[in-house]
Amino acid sequence: MRISARLWSGPRRGLFAGLAAVVLMLGLLALPPVRAAAGQLLQVFRVQKVVFVPISPERIAQLQKLNFDGGTLFTGKPRAINRPAQPRVVGSADAATGAIGFTAGQPTTFPRAVASTQTLVHDRTTLEFQVDVQSARQLLGLLGVDDVTLPDALGAKPIVADIPAHLEMRYLGAGYSMTLYQGRSPTAKLPDGVDLQQLGLAALRVLGMDSDQAEAMSRQIDWNSTLLFPFPKDIRDVRQVQIGDTQGLLVGEGRGGSRHWQLYWQQGDRFMMLEAQGNLADIDVIAAAESVR
């Protein structure tokens, strides 16, 4: 399994925080943690809170040295159940309301005047994949995680991840560009009969926490609505920041006149990610995020 020193790459940078968290956790352990619904065939959860968890350089090096094929954590390639259309340009954020199901927030504060804007709608996507429990157990064993177990029920039925439609809003000004991604929380359905606190504990152990630390943190987390957001601990400029009454994760790359920033946070039931490039300071990015209304 290869984990890059950069959080994301490519022009869309993981779409938005909720999707990014789901994708990365699936790559590490194949499951986001949720709570069992007694008497139901499938468990369903909607993310309400994200917990940022740093991954130590030692754990990243260990994972790289293992050269573990993350694809073997699944019985096959993830399959799209629906057929979402290509992202489409709409006239304004207001025009996208019907497609995304909520009134979009927009920044009102920018470093300098905005010269042009573009708004794109990304359709809802539903993915299905099934865990190979034996392979997941093998990964735990290779990492020396022997204090948690994964039940056979984990791979009994496919996992279904539903990523609601989301919005991409691009802003271009003198010497900078910003893109705001926003969408409602993803949901997931998992096979019943799984001890979900144990799954959360396993995730924390895979991320490099020692047994006592992981046990203590696992007891404090409401796994019914919490998703882990792992990030490399050795990134030079990464820190938690306050955005209104919630915490976000700010990642900066580059030095001198041009920098690249990514800021992840939640606003009510929505996940937000602001990507910025150009002659910008951290206060410019934070101010833009705090102005989203």
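Rule-based calculations on the coordinates, nothing more; no lab input. Not measured: the values here are computed from a predicted model. Heads up, the Cβs are rebuilt from the backbone with ideal geometry, glycines too, and the neighbour counts pull from every protein chain shown.
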- For region 68-73, take each phi angle, set θ = phi - 60°, evaluate the Karplus expression 6.51 cos²θ - 1.76 cosθ + 1.60, and give the result in whole Hz per residue in order, putting x for glycine and proline. 6, 7, x, x, 6, 6
- R0 of 22 Å, Cβ-Cβ distance ALA85-ARG170: FRET efficiency to nearest 0.05: 0.70
- Task: Using DSSP to define loop residues, name the trypsin sites (Lys or Arg not before Pro) in region 255-290 whose beta-carbon has at most 13 other beta-carbon atoms within 10 Å.
- Result: ARG255
- Message: For a quick check: with amide H placed at 1.01 Å from N, whose amide H comes under 5 Å from ILE159's, ignoring anything fewer than 5 positions away on the same chain?
- Response: PHE129, GLN130, VAL131
- Item | Rounded FRET efficiency, nearest 0.05, which uses the C-beta distance separating GLU58 from ARG239 and R0 of 25 Å | 0.75
- Message: Multiplying the sequence separation of ILE283 and GLU215 by 0.36 nm and subtracting their Cα-Cα distance, what value in nm do you get?
- Response: 20.9 nm
- Query: Mind ordering 79-87, 187-195, 271-279 by average Cβ neighbours within 10 Å, highest first?
  - Reply: 271-279, 187-195, 79-87
- Message: Please list, in order along region 283-293, the HN-Hα scalar couplings obtained from phi with the Karplus expression 6.51 cos²θ - 1.76 cosθ + 1.60 (θ = phi - 60°), rounded to whole Hz, x for Gly and Pro.
- Response: 5, 5, 5, 5, 4, 5, 5, 5, 8, 5, 10
- Counting sequence-distant residues (5 or more places) and residues on other chains, those with an amide H built under 5 Å from that of ARG259 are GLY278, ASN279, LEU280
- Task: Go through 175-183, 129-137 and give me the packing order, highest mean Cβ count within 10 Å leading.
- Result: 175-183, 129-137
- Item | Bins of 10 Å, starting at 0 and running to the largest distance - Cα pair percent for region 17-290 | 6, 27, 33, 23, 10, 1
- Item | Gain upon complete extension [LYS49, VAL160; 0.36 nm per residue less C-alpha separation] | 38.0 nm
